[in-house]
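**Student:** For reference, the structure I am asking about is given below.
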Amino acid sequence: MNIFLTLAILGLSISVNAQKVNFTGEYKLNKLKSELGGNPEFILSKSYTVKQNDAQIIISKINLDSKLAEKPIATDSIQLIGETYIRRLPEIAGAKVHSKAKWIDSGNLEITQEVKDRSDVVIVTVIEKWSLESDGKSLKVVKCLKQGTHVHYDMVGYYDKL
């Protein structure tokens, strides 16, 4: 009986993992469909290139500065088992971005990024909830950015799959 229960549980967890969304693809921001909520456009990434397997998601994104000029491509290789990925942030001396991903359910992925200064103090926290819409033709990113106690942006970006 114990063997049957163990196999049933393993079978259930395998089938749940097999149904998770794969975000692999190239996506470009659809400004008309996105919900900026009166917030600056540069808060949303301009585009994403995503490669995903069962263990990790590699996200390359083009961000904009406050003048809407493109910044260099930023790439994060985030484990889908909860480990933190750390990369340097060249715009701020000594700063690092700490990224972590977790599945909310089989169709939604939450990515949390903390920008920390050289003293390991959090400067900015960004939480993105990813899902696919329109039969996988559109990436929806619900983004919450917090900086200190006074700056808080909530936005929804829609990205067309290329």
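**Student:** LEU132: under 12 Å from the mean Cα position of the chain (by Cα), within 16 Å of GLY157 (Cβ to Cβ), in contact (Cβ under 8 Å) with a residue 60 or more places away in the chain and surrounded by 13 or more Cβ atoms within 10 Å (Cβ to Cβ), yes or no?
**Tutor:** On the way: under 12 Å from the mean Cα position of the chain (by Cα): no; within 16 Å of GLY157 (Cβ to Cβ): yes; in contact (Cβ under 8 Å) with a residue 60 or more places away in the chain: yes; surrounded by 13 or more Cβ atoms within 10 Å (Cβ to Cβ): yes.
It is false that LEU132 is under 12 Å from the mean Cα position of the chain (by Cα), within 16 Å of GLY157 (Cβ to Cβ), in contact (Cβ under 8 Å) with a residue 60 or more places away in the chain and surrounded by 13 or more Cβ atoms within 10 Å (Cβ to Cβ).
**Student:** If VAL121 satisfies every condition in (1) loosely packed, with under 13 Cβ neighbours inside 10 Å; (2) under 23 Å from ALA55 (Cα atoms) but one, which is the exception?
**Tutor:** (2)
**Student:** So, one more: Could we say that LEU68 is more than 20 Å from the chain's Cα centre (by Cα) and at pLDDT 90 or above here?
**Tutor:** Taking the combined requirement at face value, the residue satisfies it.
**Student:** Pairs, please: C-beta under 6 Å, at least 6 apart or cross-chain, first residue assigned to a strand (DSSP E or B) and in segment 63-87, second surrounded by 11 or more Cβ atoms within 10 Å (Cβ to Cβ) and of a type in the set (Phe, Trp, Tyr)?
**Tutor:** LEU64/PHE42; ASP76/TYR85; SER77/TYR85; ILE78/TYR85
**Student:** Turning to a different aspect of this structure: Collect the residues in segment 31-63 that are surrounded by fewer than 15 Cβ atoms within 10 Å (Cβ to Cβ), closer than 21 Å to ILE86 by Cβ and among the small types (Gly, Ala, Ser), keeping them in residue-number order.
**Tutor:** Residue satisfying the conditions is ALA55 alone.
**Student:** Quick one: ALA95 ticks every box in (1) under 16 Å from the mean Cα position of the chain (by Cα); (2) surrounded by 13 or more Cβ atoms within 10 Å (Cβ to Cβ) except a single one, so which number is it?
**Tutor:** Only one criterion in (1) under 16 Å from the mean Cα position of the chain (by Cα); (2) surrounded by 13 or more Cβ atoms within 10 Å (Cβ to Cβ) is unmet by ALA95, namely (1).
**Student:** Do the conditions hold for ILE58, that is, is it under 17 Å from the mean Cα position of the chain (by Cα) and modelled with pLDDT of 95 or more?
**Tutor:** Judged against the criteria, ILE58 is a match.
**Student:** Based on what the data block shows, is LYS100 surrounded by 11 or more Cβ atoms within 10 Å (Cβ to Cβ), closer than 18 Å to VAL122 by Cβ and at pLDDT 95 or above?
**Tutor:** yes
**Student:** Restricting to segment 30-62, count the residues that are assigned to a loop (DSSP other than H, G, I, E, B), out of contact with any helix residue (DSSP H, G or I) (no Cβ under 9 Å at 6 or more places or on another chain) and among the small types (Gly, Ala, Ser).
**Tutor:** Looking only at that region, the number is 4.
The values are calculated or read from the model by the stated rules, or taken from the named source; none is laboratory data. Because the structure is predicted, anything quoted here is derived from the model rather than measured. Neighbour counts run over all protein chains shown; Cβ positions are idealised from the backbone, glycine included.
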